[in-house]
Amino acid sequence: MGQVAWKGLFLSLFDYKTEKYVIAKNKKVGILFRIVQLSILAYLVGWVFVVKKGYQDTDTSIQSSVITKLKGVAYTNTTELGPRLWDVVDYVIPPQGENVFFVVTNLIVTPNQRQEKCRESYGIPDAVCTKNSDCPEGEPVIAGNGVKTGRCLKSGAINTTGTCEIFAWCPLEKRQKPKIPVLGKAENFTVYIKNSIRFPKFNFSKTNILNTEDDSFLKTCRYSKENHYCPIFYLGKIVSWSGNKFQEMAMEGGVIGIQIEWDCNLDRDESECHPQYSFTRLDNKFTVKSISSGYNFRYAKYYRDVNGSDYRTLIKAYGIRFDIMVNGKAGKFSIIPTIINIGSGLALMGAGAFFCDLVLLYLIKKSNFYRDKKFEEVKSSKKTLPVNGQKKSKSHDAIDQMKHLQSVET
């Protein structure tokens, strides 16, 4: 029996087993099944292959380089600086811009500062005093401008409060901003943004500049939504495209994000891979009275007089910072993701059939009837020995024949 069993097991490896299908004549479940099939097919074709391009291998590890150059001049005439011409060297920080550059639009100038003793500014809590002991000598003023000298300077009656005397760069910085931005004309300045990208998986490279031999192209063109390959922008246009007004933003400064998006379908011609630009304001400008809105910083220019004493001009610069962010994705046909997505679609088809089976067998009124037709219960039973009046088996027939032969021989 052992050899027969192993032989049967071996031969069963070459058997082909197929499923048994039960056709249920139920229109409601049949319509539901077709709707599920069509929905899965529409999802697979429409969303996976057409919208998401599931037949493509993709590369999102974009390699990018950005170079910026600004151009434009402005003339100002202020009390602190007098007549002055501003060019790129004066209003662009840093002078060699890359992904980030800053353009000065407004400033508070405090000229001729020297290191000497003067009164600390009003409004600084750590500088408020009523007597000299409130101003320990050598202690720096928290959030202030210098170091305390040990004197409390008052004005008016004896018992009134005053402010500590400090050793600092005096006179202290002015606090009042100009009523209009000093460099409001900066909205007519232009910025040239050169962006070179590469997708290493497909060894594909491109730039956002038109491939032409015309030397005058970049001198005359300006960016528009119809012209993707002229990366020269007016600063005022960039701010307006972000939903803001340049003159208002120039007063206290702000941050503008310039997004360059590359979405390249490499199954098409290379010329159809275009850069897409979008502009948005990034600093916290949600309310008119926000104390954190705007963008500014301080820097100074140092000089030395004929006596060898150092002095400086302090500048608190307000302006617009531009952050350039580059993202991209490239796709190209590949058999592997195609097969994977088709296999996923077929698996969903099976899930749809499973769902309809649940409805047919458990949720409709005649579910018991369909369950009886789908599931067949088979029980195994052993053969019993024959009894009187029943047909005998072959083994019992052989015994009877042997007994008959023995009786004949006797």
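The values are calculated or read from the model by the stated rules, or taken from the named source; none is laboratory data. In this text the structure is predicted, and so the values were computed from the model without any measurement. Using ideal geometry, Cβ is built from the backbone for each residue, glycine included, and neighbour counts are taken over all protein chains shown. In case anyone asks, the SASA skips ligands and DNA or RNA and just uses the protein heavy atoms, side chains included. Shrake-Rupley method; radii C 1.70, N 1.55, O 1.52, S 1.80 Å.
For the range 185-190, the Karplus equation 6.51 cos²θ - 1.76 cosθ + 1.60, evaluated at θ = phi - 60°, returns couplings of 6, 5, 5, 8, 6, 10 Hz by residue, with Gly and Pro reported as x. Of the DSSP H helices in the chain, those that are both long (alpha-carbon extent of 27 Å or more along the helix axis) and hydrophobic (Kyte-Doolittle mean at least -0.5) are 335-358.
Rounded to the nearest 500, the 222 nm mean residue ellipticity of the chain from helices alone is -7000 deg cm²/dmol, with -39,500 (n - 2.57) taken per DSSP H run of at least 4 residues.
Looking at the chain, the DSSP beta bridges with both ends there are about 85 percent antiparallel.
Please state the shape class of the range 6-67: rounded when a/c is under 1.5, otherwise prolate if a/b exceeds b/c and oblate if not, all from the C-alpha gyration tensor. Taking the square roots of the gyration eigenvalues as a ≥ b ≥ c, the range 6-67 is oblate.
Once backbone amide H atoms are built at 1.01 Å from N, Glu139 has Lys148 as its partners under 5 Å, excluding neighbours fewer than 5 places away on the same chain. Only one of the values [x] 440; [y] 143; [z] 155 was calculated from this structure for volume of the Cα convex hull per residue in Å³; name its label. Of the labelled values, this structure produces [x].
Below 14 angstrom from the Cβ of Thr338, what's the summed charge of the other residues (Lys, Arg +1; Asp, Glu -1)?
Every neighbour counted, the sum reads +1.
Percent of accessible area on the chain owned by carbon and sulfur, 1.4 Å probe? Carbon plus sulfur share of accessible area: 56 percent.
Quick one: net charge around Lys177, please, counting Lys, Arg +1 and Asp, Glu -1 for every other residue with C-beta under 10 Å from its C-beta.
Around Lys177, the charge tally is +3.
Each Cα pair under 8 Å and six or more residues apart adds its sequence gap; the mean of these over the residue count of the chain is a relative contact order of 19 percent.
Over the range 156-306, what is the mean sequence separation of C-alpha contacts under 8 Å (at least six apart), divided by residue count, expressed as relative contact order in percent?
Taking the mean separation of contacting Cα pairs over the length of the range 156-306, I get 18 percent.
Accessible surface calculations at 1.4 Å, restricted to protein heavy atoms, place the chain at 68 Å² per residue. Its relative contact order, with pairs defined as Cα atoms under 8 Å and 6+ residues apart, puts the range 214-257 at 22 percent. Judged by a Cβ-Cβ distance under 4.7 Å, the unpaired cysteines of the chain are Cys356. Pick from Phe14, Phe101, Phe217: which residue has the top mean-square fluctuation in a GNM of the chain where Cα pairs under 10 Å get a spring? In this elastic network of the chain, the residue with the biggest mean-square fluctuation among Phe14, Phe101, Phe217 is Phe14. Derived scalar couplings between HN and Hα for the range 219-226 equal 7, 10, 7, 9, 5, 8, 5, 8 Hz in order, rounded to whole Hz, by the Karplus curve 6.51 cos²θ - 1.76 cosθ + 1.60 (θ = phi - 60°), x for Gly and Pro.
Between the range 120-140 and the range 171-237, the C-alpha centres lie 48 angstrom from each other.
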